[in-house]
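The values are calculated or read from the model by the stated rules, or taken from the named source; none is laboratory data. Quick caveat: nothing in here was measured; it's all calculated off a predicted structure. Every residue, glycine among them, receives a Cβ derived from its backbone with ideal geometry; neighbour counts consider all protein chains shown. Each accessible area value is taken on the protein alone, full model and side chains, heavy atoms only, with ligands, DNA and RNA left out. Shrake-Rupley method; radii C 1.70, N 1.55, O 1.52, S 1.80 Å.
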Amino acid sequence: MASTGCFILFASMTNLKASQPAVKNNTVRERISINEGWRFFKYDSISDNLIYDERPKVKGYRDDRPADSKPTEGEIFEASQKVLKPWILPSGNDFIKDVSKRYIRPEGNPGSNFPFVKSNFDDSSWKSINLPHDWAIQGPFITGADAGVGGSMGRLPSPGVAWYRKKLEIPKSDAGKSIFLDIDGAMSYAMVWLNGNLVGGWPFGYASFRLDLTPYIVPGGENQLAIRLDNPPSSSRWYPGAGIYRNVWLTKTNPVHVGQWGTFVTTTDVSSASAKINLVVTVDNDSKNNANIKAVTQIFVLDAKNNKAGNAVLTFQPVTGMVEAGKKVKVEGSSTIKNPKLWGPPPTQVPNRYVAVTTILQDDKPVDQYETPFGIRSLRFDANSGIYINEEKIKIKGVDMHHDQGALGSAFNNRAGERQLEILREMGCNAIRMSHNPPAPELLELTDRMGFLVMDEAFDVWIRRKTPLDFSLIFPDWFEQDLRALVRRDRNSPSVIMWSFGNEVGEQYTAEEGAALGLKLSNIVKEEDKTRATTSAMNYAQPDMPFPASMDVISLNYQGEGIRNTPEFEGTTRIHTPPMYAAFHTKFPGKVVLSSEAASAFSSRGIYLFPVSKEISSSVKDGMGGDSKTQQVSSYELYAVDFGSSADKVFKYQDQNPFVAGQFVWTGWDHLGEPTPYYQSRSSYCGIIDLAGFKKDRFYLYQSYWLPELPMAHILPHWNWSERVGEITPVHVFTSGDEAELFLNGKSLGKKKKGHYEYRLRWDDVKYEPGTLKVVAYKNGKKWAEDVVETTGVATKLEAKADRNTIKSDGKDLSFITVKIMDNKNRMVPRSDNQISFSIEGPGEIVATDNGDPTSFVPFQSRERKAFNGLALVIVRAKAGMPGTIKVTAKSDGLTSTQVDIISK
Ligand code: GAL
């Protein structure tokens with residue numbers, strides 16, 4: 001990689017009619033997926049000594065520590081034995097601004113004698129796998145109170161040391177090229193050898209990184225790649241996943257080429273009449289000679305399939321200049337586009353995209369061509385009213401999302417990501433907070449394409465620890481590199497509107513010292529991108545503390561609605577605050593305030609527990625929303641973690657403080673690990689949607705609030721309560737209407753109207769009798785929507801429905817099939833838990849099954865699974881290059897079985 005020095009070539013650009021230099025595909029730059037054909041080995045217990053660094057001993061750590069516990073002091077640790085860190089640190093040099101602080105690789109080649117790194121090592125007994133790969137998701141679940149991996153990390157075997165090996169065939173014709181290994185994410189402490197040489201590595205498991213293989217490549221034959229990963233125990237507050245869980249690429253370029261993430265497009269003076277497109281391109285010269293270059297950029301429309309469509313809509317004036325040997329230059333230009341198609345979030349705007357195609361010529365010969373997808377939009381933050389995209393105020397209707405994809409684990413699958421976003425969109429959600437780490441690049445490609453707004457987040461911890469062996473161990477050496485890398489990677493995504501440099505960090509507690517570090521991080525972000533706001537989520541810092549001053553946008557976790565401010569928590573030593581939106585707004589009149597985490601409400605889909613709280617929000621306890629025996633939480637959707645609030649309470653404080661820019665709900669989907677309040681379980685209870693993708697009742701509460709113009713009404717609970725005849729069984733209705741009448745077996749139970757700051761209609765005195773509940777909702781006095789819930793008969797059959805009946809035979813595409821337990825009148829039987837077995841014929845495979853039950857320890861790969869409250873999910877993948885019909889069958893004793901056909905083409 002070219003190093004040090006940076007020159008700016010600048011041309012004041014006008015719109016030229018020049019045409020793109022003719023470049024044959026793949027002659028100047030190749031980006032080759034190397035996901036296929038890896039060998040994998042994981043140590044059972046004892047591993048090798050090729051460690052990145054020494055680690056502190058873990059003493060007396062409790063896995064079920066409340067999420068908002070005060071983070072503890074970082075541990076300073078002196079390495080006492082030879083470790084590989086000095087050879088790994090130089091891999092991040094491009095992201096260290098102060099040249100004098102960059103690392104120099106020591107002499108020597110550690111690990112070169114270790115068998116696994118050698119070309120002639122026989123790995124034929126290792127497991128054959130393809131990437132992305134998550135070694136832990138296959139389980140088995142580790143149960144019991146003293147499990148090495150507890151509930152917080154999902155009870156799955158992510159800790160440990162493992163190796164990946166692959167032979168790369170490098171043709172002779174690659175001699176003289178620059179060859180890079182691009183890893184989108186490897187969990188964690190990646191260290192890479194090529195042909196027995198330690199190339200480098202990257203410890204942070206959520207980072208995307210590049211290693212320069214050029215010095216070690218031998219063209220004209222096989223080159224042996226060996227990657228060692230190491231996941232410490234007690235290193236995460238949630239399921240981190242394990243392995244090379246994102247895509248891996250081999251990038252081949254000429255020595256003069258666009259650098260890693262080497263373009264930055266910004267748009268200014270944006271209106272529907274015109275917009276200025278500004279582009280900065282970093283050109284590396286890895287050769288030994290100075291290079292005369294010319295950069296030519298054209299802009300094309302990008303279509304929904306990510307292809308450039310039609311002819312160029314704009315051509316920048318070429319820029320010429322010289323790049324010294326071994327150096328880089330920045331080439332800048334800008335040009336104005338007429339009548340741009342703007343990027344913005346649906347439903348009121350359209351996420352139109354463009355792509356900048358930059359060709360680098362050396363001595364008039366094309367040597368590189370690089371594509372930068374982007375969107376044209378304006379972004380404005382107004383402290384009194386919120387966030388504006390293209391001068392339209394967009395209230396943030398957001399959710400927090402973890403990186404796992406439920407039963408598929410952390411190995412990123414594009415269709416699974418798209419499905420998550422599709423279901424969220426149906427609820428009216430328009431924004432995602434990437435909690436709490438850099439997401440898969442493909443997820444941002446999806447948010448760009450689908451038009452979600454994104455808070456992109458770097459870290460959950462800085463120096464102060466939340467778990468004994470978390471990122472705090474590497475933060476001091478790596479924060480700058482990891483932060484700059486995130487911004488450089490993601491800053492062309494129109495969906496990203498804010499950079500979060502931390503979540504509930506312990507430095508909130510360290511007054512000026514913590515604030516100074518916050519400011520340092522914020523400034524690093526701004527050096528990389530001045531067009532977006534910086535932020536850091538705060539659950540502790542108060543307006544009069546120094547910390548909030550370090551950021552542009554005030555992001556509050558739970559503080560807006562107040563934390564533990566009910567009589568129940570009087571005298572608590574835990575965090576407790578009154579509702580704080582107004583106090584922050586007053587102290588920071590120039591800053592936007594929003595809720596980066598709201599609610600943290602809990603429920604298990606289809607579970608209803610009695611009695612039901614009379615309040616609008618209660619903390620979960622045995623006998624009030626929770627049942628520690630069954631480890632389930634009631635779906636009346638009134639219950640939250642003790643520092644959180646129900647959705648209803650959150651809505652109230654959002655509406656009472658209209659300057660608040662909106663909220664990100666903790667969380668959109670359930671995630672693996674962090675099963676507060678029941679740490680014996682495997683997955684969380686906080687999602688609006690369960691781990692399998694089934695909607696909890698809360699989905700309809702958010703839908704009624706976020707899509708007020710969508711006529712809808714939703715009754716809860718189900719009406720199969722044979723043991724409750726004559727007992728009080730409250731009925732609640734979520735509706736976008738303002739009034740509703742409830743009928744039980746045709747008899748009116750009265751009409752109710754929503755009061756000020758009320759978001760549900762509740763009939764709390766209903767005495768259960770079997771039959772039919774019907775609600776008729778009204779809006780402004782007119783009939784608006786209806787819902788009906790009936791007592792069902794016994795289960796008689798299964799029903800299966802695929803989310804998509806035609807999928808691509810590319811070995812990646814998925815069909816998500818919902819299996820329901822039905823009675824003979826085609827009604828789902830709500831409390832059924834029949835054992836179902838799944839089978840498949842044709843060119844597809846069952847990759848996972850689930851039912852959304854946080855307490856289930858049935859491995860996700862099992863083809864046998866109980867329904868959870870009437871539902872189960874089977875995920876089917878088409879085999880690559882084998883079109884045909886895939887038949888999926890679901891059977892259950894005593895029930896009529898069902899089959900669904902999926903066409904793979
Ligand atoms: C917050 C934290 C989240 C999650 C949540 C659980 O304090 O930021 O990551 O732990 O609590 O309720």
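Counting only protein heavy atoms and using a 1.4 Å probe, what share of the accessible area of the range 328-395 belongs to carbon plus sulfur, as a whole percent?
After summing per-atom areas, the C and S share lands at 47 percent.
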Scan around residue 662 for amide H atoms under 5 Å from its own, H built in the peptide plane at 1.01 Å from N, and keep only partners 5 or more places away or cross-chain. 396, 595
Calculate the FRET efficiency for residue 576 and residue 61 from the Cβ-Cβ distance with a Förster distance of 30 Å, rounded to the nearest 0.05. 0.75
Taking only Cα atoms of the range 567-689, the Rg to Rh ratio with Kirkwood Rh works out at 1.00
Which of 472, 519, 506 sits closest to the plus end of the dipole of the range 467-523, meaning its Cα is farthest towards the positive end, when Lys and Arg get +1 and Asp and Glu get -1 on the C-beta? 519
In the chain, taking the dipole from +1 charges on Lys and Arg beta carbons and -1 charges on Asp and Glu beta carbons about the Cα centre, the listed residue (180, 152, 545) farthest towards the positive end is 180
Keeping every protein chain present and rolling a 1.4 Å probe, give me the accessible area per residue for the range 649-728 in Å². 25 Å²
With every protein chain kept in place and a 1.4 Å probe, the range 257-365 has an accessible area per residue in Å² of 41 Å²
Whole-Hz Karplus couplings 3J(HN,Hα) for the range 407-415, θ = phi - 60° and coefficients 6.51, -1.76, 1.60, Gly and Pro as x, run 4, 8, x, 9, 5, 5, 10, 4, 5
Among 143-149, 425-431, the order from most to least packed when residues are scored by Cβ within 10 Å on average: 425-431, 143-149
Could you give the size of the charge dipole of the range 471-510 about its Cα centre, using +1 on the Cβ of each K and R and -1 on the Cβ of each D and E, expressed in debye and rounded to the nearest 20? 280 debye
In whole Hz, with x marking every Gly and Pro, tabulate ³J(HN,Hα) for the range 531-543 from phi via Karplus 6.51 cos²θ - 1.76 cosθ + 1.60, θ = phi - 60°. 8, 10, 8, 9, 7, 7, 6, 10, 10, 10, 4, 9, x
So if each residue of separation counts as 0.36 nm, and I subtract the Cα-Cα distance between residue 520 and residue 113, what length gain in nm does that give? 142.4 nm
Along the range 162-178, what does the Karplus equation 6.51 cos²θ - 1.76 cosθ + 1.60 (θ = phi - 60°) give for ³J(HN,Hα), rounded to whole Hz, x for Gly and Pro? 9, 10, 10, 10, 7, 8, 9, 8, 10, x, 4, 5, 7, 4, x, 7, 8
Segment residue 371-residue 197, length gained on full extension (0.36 nm per residue, minus Cα span): 59.4 nm
Of the candidates 411, 361, 390, the farthest towards the positive dipole end of the range 341-433 (Lys/Arg Cβ +1, Asp/Glu Cβ -1, centred on the Cα centre) is 390
In terms of modelled amide H atoms, which long-range or inter-chain residues lie less than 5 Å from the amide H of residue 433? 399, 400, 401, 455
With a Förster distance of 45 angstrom and the Cβ-Cβ distance between residue 392 and residue 615, calculated FRET efficiency to the nearest 0.05 equals 0.75
The chain: relative contact order as a whole-number percent, Cα under 8 Å and 6+ apart: 10 percent
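Measure off, as a whole percent, the carbon and sulfur share of the 1.4 Å-probe accessible area of the range 511-653, all protein chains present.
Accessible surface attributable to carbon and sulfur in the range 511-653 totals 56 percent.
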Could you report the range 817-903's accessible area per residue, 1.4 Å probe, as an integer in Å²? 41 Å²
Take residue 799 and residue 758, extend 7 Å from each Cα along the Cα→Cβ direction, and tell me the distance between the two endpoints in nm. 3.4 nm
Over the range 682-827, what percent of the accessible surface lies on carbon and sulfur atoms, probe 1.4 Å? 50 percent
So for the pair residue 322, residue 899, with labels modelled 7 Å out along Cα→Cβ, what separation do we get in nm? 7.5 nm
q = 0.09, 0.14, 0.16 Å⁻¹, the range 714-836: log10 I(q)/I(0) [Debye, one scatterer per Cα]: -0.36, -0.74, -0.86
Virtual spin-label span in nm between residue 825 and residue 124, 7 Å along Cα→Cβ: 6.5 nm
Rounded to the nearest 20 Debye, what is the dipole magnitude of the chain about its Cα centre when Lys and Arg each give +1 and Asp and Glu each give -1 at the C-beta? 1640 debye
When ranked by the protection proxy of mean other Cβ atoms within 10 Å per residue, highest first, what sequence do the peptides 132-140, 512-520 form? 132-140, 512-520
Order these peptides, 124-130, 586-592, 192-198, by their mean beta-carbon neighbour count within 10 angstrom, highest first. 192-198, 586-592, 124-130
If each residue of separation counts as 0.36 nm, what is the full-extension length gain between residue 102 and residue 889 once their alpha-carbon separation is subtracted? 277.5 nm
Suppose we look only past 19 Å in the calculated P(r) of the range 369-525. What percent of the Cα-Cα pairs does that tail hold? 59 percent
Determine the dipole magnitude for the range 396-494: charges of +1 sit on the beta-carbon of Lys and Arg, -1 on that of Asp and Glu, nothing else is charged, the reference point is the Cα centre, and the result goes in debye to the nearest 20. 140 debye
What lysines does residue 330 reach when the alpha-carbon gap must be under 22 Å and sequence neighbours fewer than 8 apart in one chain are set aside? 97, 101, 177, 252, 276, 288, 294, 365, 526, 530
Per residue Cα convex hull volume in Å³ - calculated over the chain: 168 Å³
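Could you check how many percent of all C-alpha pairs in the range 644-725 are farther apart than 20 Å?
Cα-Cα pairs in the range 644-725 separated by more than 20 Å: 48 percent.
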List the equivalent ellipsoid semi-axes of the range 536-584 in whole Å, largest first, each obtained as the square root of 5λ for an eigenvalue λ of the Cα gyration tensor. 21, 10, 8
